[in-house]
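Comments concern the structure below.
The values are calculated or read from the model by the stated rules, or taken from the named source; none is laboratory data. For clarity, every value in this text was computed on a predicted model and none was experimentally measured. All Cβ positions, glycine included, derive from the backbone under ideal geometry; neighbour counts span all protein chains shown.
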Amino acid sequence: MTQAGLETQGLCKSFGALPVASDINFRLESGARHALIGPNGAGKTSFVNLVTGMLKPSAGRILLSGEDITHLPQAARVKRGLVRTFQISALFRRLSLIENVTLAISEREGAAGDLIRPAGRYRKLIEEGYALLEALGLAADALRPVNELAYGRQRLADIAVSLGLKPKVLLLDEPAAGVPSGETGAIIDMIERLPADIAFLIIEHDMELVFRLANRITVLVQGSILVEGAPQDIAADAQVRQVYLGERRPR
Amino acid sequence: MGDLLSAAISIAFHGLALAMVLYLISVGLSVTMGLMGFVNLAHGAFAMAGGYGLTTLMGRLHLPFGLALIGAIVIVVLASFVLERLLYRRLYGGDELDQVLMTMGLIFMTVGAATYFWGPVAQPIHPPDLISGQIHLGSRDFPAYRSFLILCGVVLVTGLWLGLERTRFGAQVRAAVDNLRMAQSIGINTSRLFALTFALGSGLAALGGALGADFLPIVPGYALGNLVYFLIVVAVGGLGSIRGPFVAALLIGTADTAFKYIAPELGAFFIYALTMAILLWRPRGLFGHA
Amino acid sequence: MAAADQLAPPAMLDGFARRHRLRAFEALPWLMALAAYFVFPDYLALGAQILATILFALSLDLVLGYAGIVTLGHAAFFGTGAYTAGILAANGWGEPISGLVVAAAAAGAVGFLSGAIILRTTGLTLLMQTLVVAAMLLELANKATRITGGADGLQGMDVWPIFGAFRFDLFGRTAYIYCAAVLMIGWLLVRSIVYSPFGRSLTGIRENVVRMHAVGSPVRRRKLVAYTISAALAGISGALIAQTAQFVGLGALGLERSGTVLIMLIIGGVGQLYGAFIGVTLYMIAQDRFSTIDPVYWYFWIGLFMIFVVIFARGGVLGLIERARRQMRRPS
């Protein structure tokens with residue numbers, strides 16, 4: 001049995017009487033292209049928060065490459081390669097794009113604790129950051145403050161920062177959310193071109209995106225997994241149709 | 001044993017009176033901070049203005065105590081309306097630092113203005129004979145003025161609580177403190193709500209400042225000198241609550257009185273330590289929102 | 001934008017990688033300080049105070065402008081440093097430089113301990129805690145009359161000549177040069193921290209702390225380190241004032257001290273290193289002028305000015321300069 005990239009066992013979380021996660025047993029295989037879908041309020045973002053350590057579970061275990069990370073703080077999970085992006089762009093607003101990315105790279109390399117040497121001397125890290133921006137087509141804006149970029153490019157920047165951490169497991173929380181349809185192409189392209197050794201889980205509402213990007217889908221409803229499987233099977237599943245009735249028809 | 005009981009009653013009485021003053025002054029601050037999310041460091045200035053208003057109306061215009069008190073409160077309420085419209089409104093939802101700077105600026109202005117008009121000496125307050133002297137309860141004598149303070153406090157606290165629970169205005173305030181966007185979307189005029197709440201809070205502060213001149217002398221440095229105490233009551237009680245500051249004021253008032261009686265060398269040190277401990281245990285305050 | 005794409009990566013990155021290099025205008029404050037020594041020989045005592053207070057404001061900028069920690073209790077560290085240096089000098093050890101070192105250590109320790117306890121909170125609660133820490137220290141100093149002099153202040157300080165040779169003279173010449181030298185060292189330290197990867201991570205914490213956690217940054221540790229260093233520097237600043245005035249009063253720990261340094265920094269411009277230089281100089285010169293005219297007016301007018309700054313000149317003097325530069329760059 002190959003080790004899953006990410007696994008949860010019996011993950012539970014309630015806010016008082018409100019359950020946001022009920023006994024979730026989830027597996028994300030290495031190199032997976034996995035999608036998590038479900039109606040609004042299903043608990044998808046809460047799941048990501050639980051897995052990354054931003055939220056403490058009431059019960060259950062979380063395993064990363066076989067290691068139990070349930071009690072590790074968020075930063076420690078990031079160091080082990082578990083990285084997320086945010087539904088609403090969470091960037092270092094007034095800092096430049098290159099600065100945003102190099103911050104992440106510095107943290108990864110452990111350079112960020114240096115109090116004396118100027119950051120500019122860490123040339124390799126800056127060049128790595130620039131190369132990352134080039135790969136994402138963002139190089140032209142490298143020196144601009146991120147809050148001046150078009151929102152679509154901000155979403156790309158968000159992913160760039162996460163990629164700077166060299167993730168093994170990448171959790172993409174609605175990467176195209178709020179992006180005008182003309183700009184989503186770049187984001188989709190970028191996700192498609194992600195290296196095969198990164199396992200990603202994408203939370204999305206846009207079914208077209210989901211079917212294009214994922215080869216496995218998990219459906220979450222009210223904190224529990226309803227069904228899991230290949231895209232065609234999910235599309236044909238009667239329960240899923242019922243859940244989405246009136247919301248969206250899978251194409 | 002009789003001494004201990006006597007001391008305890010004394011501490012409870014004077015502590016309660018101080019608590020009422022602190023509560024009256026701080027409750028407005030708690031609600032406006034919880035409602036508008038605005039760090040109003042200058043709130044003490046309204047209390048000070050109440051004190052100066054009372055002494056001036058009594059001393060210069062020779063108005064009787066009750067009338068002067070009402071007059072002082074009205075003046076402060078009107079002034080706070082104007083200030084809210086002109087200044088505070090601009091910084092709602094703004095940078096915390098801007099709010100700190102602006103309200104510190106207001107405090108400084110009040111220090112300068114108060115020194116200019118009234119000089120540095122503490123203003124004397126002369127309550128009417130009716131509430132001066134001692135009153136006899138059981139086997140003990142209690143200062144009448146402080147008894148009056150406690151009575152006032154209880155009446156106002158009850159009024160506030162009833163007002164918050166039973167009136168439509170109170171319901172709107174509670175809704176807005178809980179979730180401002182939601183309150184706006186169901187049609188509550190939050191702009192008007194802010195103005196009214198601000199005015200009410202300032203009026204209560206003026207009342208507390210005027211009545212409490214016994215505990216907190218009316219001097220130009222009032223707003224700055226007492227800032228920490230008011231903020232302690234608010235922070236410990238919890239923002240946006242009217243119950244919270246009451247409990248906090250009781251705690252602080254009795255503790256302060258007790259320590260001054262039992263261990264005056266330690267002064268306010270333990271109040272601060274207590275505050276720090278409570279805030280570490282409950283960062284949002286005892287009754288703050290999660 | 002095709003033209004920008006063709007900008008060779010090395011050239012574009014060079015500017016970014018060389019941000020830390022000293023630029024011509026950075027010599028300006030030092031040239032001005034040097035000039036002031038000769039042009040205003042009667043005001044060197046005030047000048048020394050200004051220089052020491054700039055160090056205080058710089059220390060505050062490190063936590064406020066760069067790490068985003070809003071504090072109204074920075075006088076706690078200033079005052080600790082002041083009283084430490086003062087108590088040493090009043091009890092037989094008046095050597096100034098070692099006094100500075102001990103003051104820095106004491107203030108740094110207070111910063112470390114209080115930071116470890118309170119930096120887990122943010123926002124209003126943190127603001128409160130910073131107030132409370134300073135208030136506690138003030139109360140301690142007030143009550144420990146035998147050590148601190150209580151409300152009368154610490155008397156009997158005897159500060160020895162620097163290096164055994166340079167006596168603190170009545171004109172403030174020694175004090176001025178002393179403060180300038182210490183400020184220069186402090187400024188170099190803060191400057192290198194600000195441009196270091198650590199300093200950059202502080203700005204990350206300020207801009208989006210949630211994201212900093214999400215990139216694996218040990219946020220609490222970083223904040224604590226910044227807070228401790230800032231406290232030590234503030235302590236040095238307090239010790240400088242104590243040594244040059246040969247007196248320490250309760251005001252060194254007071255809310256007004258914490259408030260005014262914050263105001264000075266905001267007037268100059270937060271988070272841009274030189275805001276401290278500009279804001280402190282403007283404020284203290286203005287205050288000095290006003291106190292000769294009428295001290296009562298000072299509070300009123302500075303209060304009005306502060307409100308003016310908030311409404312019309314957000315970002316302080318440096319902010320205004322920045323906006324003016326952008327206006328000039330725009331083609332008409």
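Which of the residues that make up the range A:100-125 are in contact with a Phe, Trp or Tyr (Cβ under 8 Å, 6 or more places away or on another chain), surrounded by 24 or more Cβ atoms within 10 Å (Cβ to Cβ) and within 7 Å of chain C (Cβ to nearest Cβ)?
Scanning the range A:100-125 gives A:L103, A:S106, A:A112, A:A119.
If I filter the range B:174-195 for residues that are within 30 Å of B:Y116 (Cα to Cα) and touching a residue at least 12 places away in the same chain (Cβ under 8 Å), do I get at least one hit? Steps first, answer last, please.
Here is the first cut: in the range B:174-195, the ones within 30 Å of B:Y116 (Cα to Cα) are B:195.
Cutting the leftovers down to touching a residue at least 12 places away in the same chain (Cβ under 8 Å) gives us B:195.
Yes, some residue in the range B:174-195 is within 30 Å of B:Y116 (Cα to Cα) and touching a residue at least 12 places away in the same chain (Cβ under 8 Å).
Of everything in the range A:188-239 that's aliphatic (A, V, I, L, M) and over 23 Å from A:E7 (Cα atoms), which residue is surrounded by the fewest Cβ atoms within 10 Å (Cβ to Cβ)? Can you show your working first?
Quick first cut of the range A:188-239, residues aliphatic (A, V, I, L, M) only: A:188, A:190-191, A:194, A:196, A:198-199, A:201-203, A:207, A:209-210, A:213-214, A:217, A:219-221, A:225-227, A:230, A:234-236, A:238.
Going one step further and asking which of them are over 23 Å from A:E7 (Cα atoms), we end up with A:188, A:190, A:207, A:209, A:235-236, A:238.
Values: A:I188: 16, A:M190: 19, A:M207: 20, A:L209: 19, A:A235: 17, A:A236: 12, A:A238: 8.
Result: A:A238.
Give me the pairs: first residue in the range C:20-43 and outside any helix (DSSP H, G or I), second residue among the aromatic types (F, W, Y), beta-carbon distance under 6 Å, and six or more apart or on different chains, which are they?
Listed pairs, sorted by first residue: C:H20/C:Y195.
Within the range C:191-211, take every residue that is among the hydrophobic types (A, V, I, L, M, F, W, C) and within 8 Å of another protein chain (Cβ to nearest Cβ) and give me the one that is farthest from the chain's Cα centre (by Cα).
Filtering the range C:191-211 down to residues among the hydrophobic types (A, V, I, L, M, F, W, C) leaves C:193-194, C:198, C:202, C:205, C:209-210.
Filter once more, keeping what is within 8 Å of another protein chain (Cβ to nearest Cβ): C:193, C:198, C:210.
Values: C:I193: 14, C:F198: 19, C:V210: 27 Å.
Per the stated criteria, the residue is C:V210.
Please state which one of B:R140, B:R89 is more than 21 Å from C:I307 (Cα to Cα), over 19 Å from the mean Cα position of the chain (by Cα) and charged (D, E, K, R).
Working: B:R89 fails: more than 21 Å from C:I307 (Cα to Cα).
None of the other options fit; the residue is B:R140.
State all residues of the range A:143-156 that are among the hydrophobic types (A, V, I, L, M, F, W, C) and within 11 Å of chain C (Cβ to nearest Cβ); if no residue qualifies, say none. Explain how you work it out, then say what you get.
Going through the range A:143-156, the residues among the hydrophobic types (A, V, I, L, M, F, W, C) turn out to be A:143, A:146, A:149-150, A:156.
Across the range A:143-156, the qualifying residues are A:L143, A:V146.
Which of the residues belonging to the range A:14-27 are out of contact with any helix residue (DSSP H, G or I) (no Cβ under 9 Å at 6 or more places or on another chain) and among the aliphatic types (A, V, I, L, M)?
Hits for the range A:14-27 are A:A17, A:L18.
It is to be established whether one or more residues within the range B:250-266 are among the aromatic types (F, W, Y) and within 12 Å of chain C (Cβ to nearest Cβ).
Of the residues in the range B:250-266, the ones among the aromatic types (F, W, Y) are B:259, B:261.
Narrowing further to those that are within 12 Å of chain C (Cβ to nearest Cβ): B:259.
Yes.
Let's see how each residue does on (1) over 21 Å from B:V76 (Cβ atoms); (2) touching a strand residue (DSSP E or B) at 6+ places or on another chain (Cβ under 7 Å); (3) in a helix (DSSP H, G or I); (4) among the acidic types (D, E):
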residue	(1), (2), (3), (4)
B:S147	yes, yes, yes, no
B:G170	yes, no, yes, no
B:V177	yes, no, yes, no
B:R181	yes, no, yes, no
B:L196	no, no, yes, no
B:V219	no, no, no, no
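Which numbered condition in (1) more than 9 Å from every other protein chain (Cβ to nearest Cβ); (2) buried (at least 19 other Cβ atoms within 10 Å of the Cβ); (3) of a type in the set (A, V, I, L, M, F, W, C) is the only one that B:V236 fails?
Checking B:V236 against (1) more than 9 Å from every other protein chain (Cβ to nearest Cβ); (2) buried (at least 19 other Cβ atoms within 10 Å of the Cβ); (3) of a type in the set (A, V, I, L, M, F, W, C), the one that fails is (1).
Here is a check on your reading of the model: is A:I188 in contact with a helix residue (DSSP H, G or I) (Cβ under 8 Å, 6 or more places away or on another chain), over 27 Å from A:Q154 (Cα atoms) and among the β-branched types (V, I, T)? Working first, answer last.
On the way: in contact with a helix residue (DSSP H, G or I) (Cβ under 8 Å, 6 or more places away or on another chain): yes; over 27 Å from A:Q154 (Cα atoms): no; among the β-branched types (V, I, T): yes.
So A:I188 does not fit the description; no.
Look through the range A:54-88, keep the residues that are over 20 Å from C:P218 (Cβ atoms) and of a type in the set (A, V, I, L, M), and return whichever of them is nearest to the other protein chains (Cβ to nearest Cβ).
Selected residue: A:I88.
Could you tell me which numbered condition C:V102 fails, if it satisfies all but one of (1) over 19 Å from the mean Cα position of the chain (by Cα); (2) under 13 Å from C:Y83 (Cβ atoms); (3) of a type outside the set (S, T, Y); (4) surrounded by fewer than 23 Cβ atoms within 10 Å (Cβ to Cβ)?
Every condition holds for C:V102 apart from (1).
Just the residues that are under 18 Å from B:V121 (Cβ atoms) and part of a helix (DSSP H, G or I), please, taken from the range B:221-252. Let's see the steps before the verdict.
Going residue by residue through the range B:221-252, those that are under 18 Å from B:V121 (Cβ atoms) are B:221-226.
Within the range B:221-252, B:Y222, B:A223, B:L224, B:G225 meet the criteria.
Quickly run through the range A:158-172 and pick out the residues that are within 11 Å of chain C (Cβ to nearest Cβ) and within 19 Å of A:L209 (Cα to Cα).
Correct list: A:D158, A:L171.
Spot the failing condition for B:L57; the list is (1) part of a helix (DSSP H, G or I); (2) over 18 Å from the mean Cα position of the chain (by Cα); (3) within 14 Å of another protein chain (Cβ to nearest Cβ), and only one is missed.
Only one criterion is unmet by B:L57, namely (3).
Looking only at the range B:10-30, count every residue that is more than 14 Å from chain C (Cβ to nearest Cβ) and in contact with a Phe, Trp or Tyr (Cβ under 9 Å, 6 or more places away or on another chain) and tell me the total. Walk me through how you get there before you give the answer.
Of the residues in the range B:10-30, the ones more than 14 Å from chain C (Cβ to nearest Cβ) are B:10-25, B:27-28.
The next check asks that each one be in contact with a Phe, Trp or Tyr (Cβ under 9 Å, 6 or more places away or on another chain); those that pass are B:10-11, B:13-14, B:17-19, B:21-23, B:25, B:27-28.
Looking only at that region, the number is 13.
What tally of residues in the range B:85-130 results from selecting those that are part of a helix (DSSP H, G or I) and within 14 Å of chain C (Cβ to nearest Cβ)?
Let us first name the residues in the range B:85-130 that are part of a helix (DSSP H, G or I), namely B:85-86, B:88-91, B:96-118, B:129-130.
Now restrict to residues that are within 14 Å of chain C (Cβ to nearest Cβ): B:85-86, B:88-91, B:96-118.
Going through the range B:85-130 one residue at a time, the tally reaches 29.
Could you say which residue among C:A234, C:A214 is more than 10 Å from every other protein chain (Cβ to nearest Cβ) and of a type outside the set (V, I, T)? Reasoning before the result, please.
Numbers: C:A214 fails: more than 10 Å from every other protein chain (Cβ to nearest Cβ).
Exactly one of C:A234, C:A214 is more than 10 Å from every other protein chain (Cβ to nearest Cβ) and of a type outside the set (V, I, T), namely C:A234.
Name the residue, out of B:S139, B:S191, that is at pLDDT below 80, farther than 20 Å from B:F246 by Cβ and among the hydroxyl-bearing types (S, T, Y).
Working: B:S191 fails: at pLDDT below 80.
The conditions single out B:S139.
Checking the structure you have, find out if any residue of the range B:143-165 is under 23 Å from the mean Cα position of the chain (by Cα) and acidic (D, E). Don't jump to the end; show me each part of the working.
Taking the range B:143-165 and keeping what is under 23 Å from the mean Cα position of the chain (by Cα), we get B:143-165.
Imposing the further condition that a residue be acidic (D, E) reduces the set to B:165.
Scanning the range B:143-165 turns up at least one residue that is under 23 Å from the mean Cα position of the chain (by Cα) and acidic (D, E).
Would a scan of the range C:127-140 turn up a residue that is more than 11 Å from every other protein chain (Cβ to nearest Cβ), under 23 Å from the mean Cα position of the chain (by Cα) and buried (at least 16 other Cβ atoms within 10 Å of the Cβ)?
Of the residues in the range C:127-140, the ones more than 11 Å from every other protein chain (Cβ to nearest Cβ) are none.
No - not one qualifying residue is present in the range C:127-140.
Take the residues in the range A:89-98 that are modelled with pLDDT of 90 or more and more than 7 Å from every other protein chain (Cβ to nearest Cβ); name whichever of them is surrounded by the fewest Cβ atoms within 10 Å (Cβ to Cβ).
Our first condition is that a residue be modelled with pLDDT of 90 or more; within the range A:89-98, this holds for A:90-98.
After this cut, where a residue has to be more than 7 Å from every other protein chain (Cβ to nearest Cβ) as well, the list is A:96-97.
Numbers: A:S96: 17, A:L97: 29.
My answer is A:S96.
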